[in-house]
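Heads up, the thing below is written out as structure tokens.
The values are calculated or read from the model by the stated rules, or taken from the named source; none is laboratory data. Since the model is a prediction, treat every value here as computed from it, not as a measurement. We place every Cβ from the backbone using ideal geometry, glycine too, and count neighbours over all the protein chains shown. Side chains are part of the model used for accessible areas, which takes the heavy atoms of the whole protein and leaves out ligands, DNA and RNA. Shrake-Rupley method; radii C 1.70, N 1.55, O 1.52, S 1.80 Å.
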Amino acid sequence: MHLCALYRFPLKSGSAEWLDEGRCDELGLGGDRRWMVVDAATGKFLTQRVLPRMALLDARWQADEAVLLDAPGMETLRVAVPGSDNPSRGVSIWRQSLQAPDAGDAAAAWLTRVLERPCRLVHLPTAQGIQIDQDYARPGERTGFTDGFPFLLIGQRSLDDLSARVGQLLDVRRFRPNLLIAGAAPYAEDGWRRIRIGEMEFRVVKPCSRCIIPTIDPLDGKLNPSREPLATLMKYRKGDGGVFFGQNLIAEGAGVLKVGMSVEVLE
């Protein structure tokens, strides 16, 4: 088995950034979901669940300096990482409430124009990561602006099996994984508890419960009228608490991931 693709999503609910390699820090894959769009009035996080067109928001991580934003019909905007003099904004993501540095009026105006509703852009400094649910994590294990966990893994043959059942070749990016693993049997990842990729070790802590986002085409931001592939997943991947596809992971420390690295099941 090997790591056949590696993805980063600099902006929560924005498009994917394909990587040859990436450094992992204490929040997950470096630069992954460190930026988030929120409602200007309430501070509540915004995603493709409410705004499918967010799939067309292209974000490119510029290390600890900036993010480059692009969208159809818009000029590219460089947004600097907020400094210590930038005001913080009260924001909420699921059950978490926190203060996050606001990225300024230019970014807010650009996103408001694209998304056609008043919104703001916030950034999460590495030192300010969000504690992972301690039903699955240890105290001090943190993540970025994810839905709960720092890494999401999908098996290539699981994706192939689902594509065959749907009758359509599915772009893995609609499932928003960080790690795509080749060489395992379909859904083999359901039985993994610990794995090693290169020199990094990961705990496989929870199956990923799927929402409506996989029904949104990442290339055009449009909902599938037949609710595929969710409709097919509901026929054979439904369990207590939802419909599951993929596995959530927590890394045991920092390190580097590269496409082509071997994957070993430890437990």
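So here's what we get for this one:
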| quantity | calculated |
| --- | --- |
| Degrees, to the nearest 10: 156-166 long Cα axis against longest axis of the chain | 90 |
| Karplus-derived 3J(HN,Hα), 6.51/-1.76/1.60, for each residue of the stretch 30-38, Hz, glycine and proline x | x, x, 7, 6, 9, 10, 8, 8, 10 |
| Net length gained if the chain between Asp135 and Ala188 were fully extended (0.36 nm per residue, minus Cα distance) | 16.7 nm |
| Net charge contributed by nearby residues that have their C-beta within less than 11 Å of Ala127 (K/R +1, D/E -1) | -1 |
| Heavy-atom surface of the chain, accessible at 1.4 Å and reported per residue (Å²) | 45 |
| Dipole moment magnitude, nearest 20 debye, the chain about Cα centre, only Lys, Arg, Asp, Glu C-beta charged | 800 |
| For the stretch 142-267, share of DSSP beta bridges that run antiparallel, in % to the nearest 5 | 85 |
| Gain upon complete extension [Arg53, Glu75; 0.36 nm per residue less C-alpha separation] | 6.2 nm |
| Fully extended contour minus Cα-Cα distance, from Trp18 to Trp94, at 0.36 nm per residue | 24.7 nm |
| Convex hull of Cα atoms in the stretch 141-233, direction-averaged projection (nm²) | 6.8 |
| For the stretch 188-205, Karplus couplings with θ = phi - 60° (6.51, -1.76, 1.60), whole Hz, Gly/Pro x | 4, 4, 4, x, 7, 10, 9, 9, 10, 10, x, 9, 9, 10, 9, 8, 8, 9 |
| Tensor-based shape of the stretch 58-161 (alpha-carbon gyration tensor, a/c under 1.5 rounded, otherwise prolate or oblate) | oblate |
| Estimated dipole of the stretch 33-125 in Debye, rounded to 20 [Cβ of Lys and Arg +1, of Asp and Glu -1, Cα centre] | 440 |
| Local electrostatic count at Gln156 - Lys and Arg +1, Asp and Glu -1, tallied over other residues with Cβ under 13 Å | -3 |
| For Met261, residues with placed amide H under 5 Å, excluding near neighbours | Leu3 |
| Normalised contact order of the chain, rounded percent, pairs of Cα under 8 Å and 6 or more residues apart | 25 |
| Kirkwood hydrodynamic radius (C-alpha pairs) into Stokes-Einstein, the stretch 69-126, 10 °C and 1.306 mPa s, D in µm²/s | 129 |
| Cβ-Cβ FRET estimate between Ala127 and Asp240, R0 fixed at 30 Å, reported to 0.05 | 0.25 |
| The chain, Rg to Rh (Cα coordinates; Rh as Kirkwood inverse mean 1/r) | 0.95 |
| Simple spin-label estimate for Ser163 and Val259 in nanometres, 7 Å along Cα-Cβ | 1.5 |
| Phi-based couplings in Hz for the stretch 106-115 (Karplus 6.51, -1.76, 1.60; Gly and Pro marked x) | 5, 5, 4, 5, 4, 5, 4, 5, 5, 8 |
| Qualifying trypsin sites (Lys or Arg not before Pro) in the stretch 1-77, DSSP loop, other Cβ atoms within 10 Å at most 16 | Arg49 |
| Mean Cβ count within 10 Å, highest first, over the residues of peptides 149-159, 174-184 | 149-159, 174-184 |
| Highest-first arrangement of 199-205, 163-169, where packing means the average Cβ count within 10 Å | 199-205, 163-169 |
| Residues whose placed amide H lies under 5 Å from that of Arg142, excluding near-sequence neighbours | Ile132 |
